[in-house]
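S.K.: Below you will find the structure I want to go over with you.
The values are calculated or read from the model by the stated rules, or taken from the named source; none is laboratory data. Computed from a predicted model, the values in this text were never measured in an experiment. Cβ placement follows ideal geometry from the backbone for every residue including glycine, while neighbour counts extend to all protein chains displayed. Just the protein is used for accessible areas: all its heavy atoms, side chains included, with ligands, DNA and RNA removed. Shrake-Rupley method; radii C 1.70, N 1.55, O 1.52, S 1.80 Å.
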Amino acid sequence: MLRFTLSQTTPAICIKGRTHATCPAPFCKILTLTKVFTMSDTSLPPALLTALSDLLGPSGLLTDAGDTEAFCTDWRMLYHGRCAAVLRPASTEDCAKAVALCAEHGVPMVPQGGNTSMVGGATPDNSGKAVVISTNRMTRVHTIDHADLTMTVEAGVTLKAAQDAAAAEGLMLPLSISSEGSAEIGGILATNAGGNNTVRYGNARELALGLEAVLPDGQVLNLMRRLRKDNTGYALRQLLIGSEGTLGLITTAIIQLQPAPRSRETALCALADPQAVLNLFAAFRKQDPAAIQAFEYMSGTSMALVNSLIEGASLPLEAPAPAYALVELGSPRADDSLRTLMEDVLGQALEDGLVTDAVLAESEGQRQALWMIREEHAEAQKRAGASVKNDVSVPLSAIPEFITKATAACEALIPGIRVAPFGHIGDGNIHFNLVQPEGMDPKAFLAQDHAMMDTVAGIVRTLDGSFSAEHGVGQLKTYMMPSWRGGAELDAMRKIKTALDPKNLMNPGKIFPES
Ligand code: MLT
Ligand code: ZN
């Protein structure tokens, strides 16, 4: 069998297809590969291995365990799977051929983008039978169209690279998430990511006009239409979006853009509690709902973790508070009306005692410093030890009741637990994250993850919410599906899965619980 190994001779590129020095990926390493040995770590049938090798070439097929390991562990280090190989096709055509070959041999396939899933959605299981199909060599931005306000991008373009490409043309890709430096467009669409701008522009689903995907049998599904209206049968594009790679592998997309904002106002506010944060949101919404670009909530506990564990983060307010809001207003107009709006609403809120302190960014540098404080919450919680994420949504009006009840219930369940919620409060999505008590054995804490998740989900259910708002089901939450989406809903989902993937080869073990 063939084996690939590090080459001293070919030019150095990393797993993102970039030079090692410029790659932001945390697990980036040099992978310049040539065929040199005749042994392999892979369990793939020899005929398949040879066919994949001929198709994908040395940098498109990794079989050495040392090279595949980074693709088999999730960002949170909760899941450690194994795979027979990592396939890295550089085009839709190669991807389709590789999928067809795997399907022919009955080999399970795990699509993977930037590997930033919070729910183990892109990690293979432990059997070592599956191949990971990574999109990280499909990195072309094909076109940016000013008349249609769209961009056509391949699946492996990172969200940050896509945002930068749009910005370079005076446009904006209105999707922003904390992992945007690594998360890739294909994975973002496959999971229907939300993030900071959902309050104004919707989730990934609302931004994708067109899509191309490889189905589990290797057929290419071409839905690359740039139409706002297109009522021609089932909206297959929407079926693929949010399917977490279980129905196919997204290879290219047409994303809607917006004119770049020419004025922007960003403020960080201290408040007494989540109800006050919601009242502030309502005050802005009453004046100009269309100006609200982002409205984020951070609890005092979560903010304290950022302050103590992230180098360079410091709270630019007089004193710590129980709750914070990060407010961003944006407009394509270049006048100063947003500053007036921000000052009017915050001035009144300070006078009423709703906001206890606030700072406004006076420069792009200060704006980025405020956003850095918000975007480091996930990283700070990771550094604080083991944590359990509850990515939930409830109706806006129920958020204060949810946070109060869930906090009390979790504190009763595990004394000393650090309840550290934050999230996209403007669209009803709270990351009700639970950090282990200081000094507790992380394994003992994680052994109770279902007890914690069920406690929180039980309260979410009484408030008509969802147990997964934007992170998906992945493998972490499959066990919740029967009780939340049971009956006709789960039955219909299974029928769709079986129709498109009768052999259950595409991302098996995700979304659906073992039946
Ligand atoms: C974020 O909004 O920063 C992430 O989606 C949240 C998380 O880490 O739970
Ligand atoms: Zn989030």
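S.K.: Express in Å², to the nearest 10, the accessible area of I425 obtained by rolling a 1.4 Å probe over the protein heavy atoms while all chains stay in place.
M.R.: Using a 1.4 Å probe on the heavy atoms, I get roughly 0 Å².
S.K.: Right, something else. Separation between the A235 and S397 pseudo-spin-labels, each 7 Å from Cα along Cα→Cβ, expressed in nm?
M.R.: Simple spin-label model gives 2.6 nm for this pair.
S.K.: Please give the solvent-accessible surface of L101 in Å², to the nearest 10, using a probe radius of 1.4 Å with every protein chain present.
M.R.: 40
S.K.: A follow-up question, please. Between E69 and A167, what is the label-to-label distance in nm when each label sits 7 Å out along the Cα-to-Cβ direction?
M.R.: 3.5
S.K.: What does the extension gain come out to for D273 and D449, with contour length at 0.36 nm per residue minus their alpha carbon separation?
M.R.: The D273-D449 span can extend by a further 60.7 nm.
S.K.: Separate question: R0 = 25 Å: FRET efficiency of R333 with D148, Cβ-based, nearest 0.05?
M.R.: Working from the Cβ atoms, E equals 0.65.
S.K.: Over the Cα atoms, compute the radius of gyration (one decimal) and Dmax (the largest Cα-Cα distance, rounded to a whole number) for region 475-515, in Å.
M.R.: 9.9, 25
S.K.: Give me, ordered by chain and number, the residues 5 or more places off A358 or on other chains with an amide H under 5 Å from its own placed amide H.
M.R.: Hits under the 5 Å cutoff: A270.
S.K.: Now, a different point. By how many degrees, 0 to 90 and rounded to 10, does the Cα axis of helix 92-104 deviate from the longest principal axis of the chain?
M.R.: Once rounded, one gets 60 degrees.
S.K.: Through the Karplus equation 6.51 cos²θ - 1.76 cosθ + 1.60, θ set to phi - 60°, convert the phi angles of region 304-321 into ³J(HN,Hα) values in whole Hz; use x for Gly and Pro.
M.R.: Karplus values, whole Hz, x for Gly and Pro: 4, 5, 4, 4, 8, 10, 10, 5, x, 8, 9, 6, x, 10, 4, 8, x, 9.
S.K.: Another question about this same structure. For the full complex of protein chains and a 1.4 angstrom probe, list E104, E212 by accessible area with the highest value first.
M.R.: E104, E212
S.K.: Counting helices only, and only those DSSP H runs with n ≥ 4, report the 222 nm mean residue ellipticity of the chain as the sum of -39,500 (n - 2.57) divided by its residues, in deg cm²/dmol to the nearest 500.
M.R.: Value at 222 nm, helices only, nearest 500: -9500 deg cm²/dmol.
S.K.: Something else now. Could you tell me whether region 67-175 comes out rounded, prolate or oblate from its Cα gyration tensor? Rule is a ≥ b ≥ c as square roots of the eigenvalues, rounded for a/c under 1.5, then prolate if a/b exceeds b/c, otherwise oblate.
M.R.: It is oblate, given that a/c is not under 1.5 and a/b is not larger than b/c.
S.K.: Right, next: Amide H neighbours of M172 under 5 Å, at least 5 residues apart or on other chains, H built in the peptide plane: list them.
M.R.: Q258, A260
S.K.: Additional query: Which whole number in µm²/s is D for region 271-325 by Stokes-Einstein, with the Kirkwood Rh taken over Cα pairs at 20 °C and 1.002 mPa s?
M.R.: Roughly 173 µm²/s, to the nearest whole number.
S.K.: Shifting gears a bit: Ordering I292, I144 from largest to smallest accessible area (1.4 angstrom probe), what's the sequence?
M.R.: I144, I292
S.K.: What net charge do the residues around I459 carry, taking every other residue with its C-beta under 14 Å from that of I459, with Lys and Arg at +1 and Asp and Glu at -1?
M.R.: -2
S.K.: Rolling a 1.4 angstrom probe over the protein heavy atoms, how many square angstrom per residue are accessible across the chain?
M.R.: 41
S.K.: What net charge is computed for the residues neighbouring L227, neighbours being all others with C-beta under 12 Å from the C-beta of L227, Lys and Arg scored +1, Asp and Glu -1?
M.R.: +3
S.K.: Mind checking the log10 I(q)/I(0) for region 141-259 at q = 0.19 Å⁻¹? Debye, one equal scatterer per Cα, no solvent, two decimals.
M.R.: Log-scaled intensity ratios, in q order: -0.97.
S.K.: Under 11 Å from the 7 Å Cα→Cβ point of S127, by amide nitrogen: which residues of region 64-91?
M.R.: none
S.K.: In whole percent, and with a 1.4 Å probe on the protein chains, what portion of the accessible area of the chain is carbon and sulfur?
M.R.: 53
S.K.: Starting from one equal scatterer on each C-alpha and no solvent at all, send me the Debye-based log10 I(q)/I(0) for the chain at q = 0.10, 0.13 Å⁻¹, two decimals.
M.R.: Each listed q corresponds, in turn, to -0.81, -1.33.
S.K.: Under Stokes-Einstein, with the Kirkwood radius over Cα pairs standing in for Rh, what whole-number D in µm²/s applies to region 261-374 at 4 °C and 1.567 mPa s?
M.R.: Roughly 91 µm²/s, to the nearest whole number.
S.K.: Roughly how much of D64 is accessible, in Å² to the nearest 10, using a 1.4 Å probe?
M.R.: Rounded to the nearest 10, that gives 20 Å².
S.K.: Give me the angle, in degrees from 0 to 90, between the Cα long axis of helix 364-375 and the longest principal axis of the Cα atoms of the chain, rounded to the nearest 10.
M.R.: Once rounded, the angle reads 70 degrees.
S.K.: In addition: So what are the ³J(HN,Hα) numbers for region 461-475, from phi and the Karplus equation (6.51, -1.76, 1.60; θ = phi - 60°), rounded to whole Hz, Gly and Pro as x?
M.R.: 5, 5, 9, 6, x, 10, 7, 9, 8, 9, 8, x, 9, x, 9
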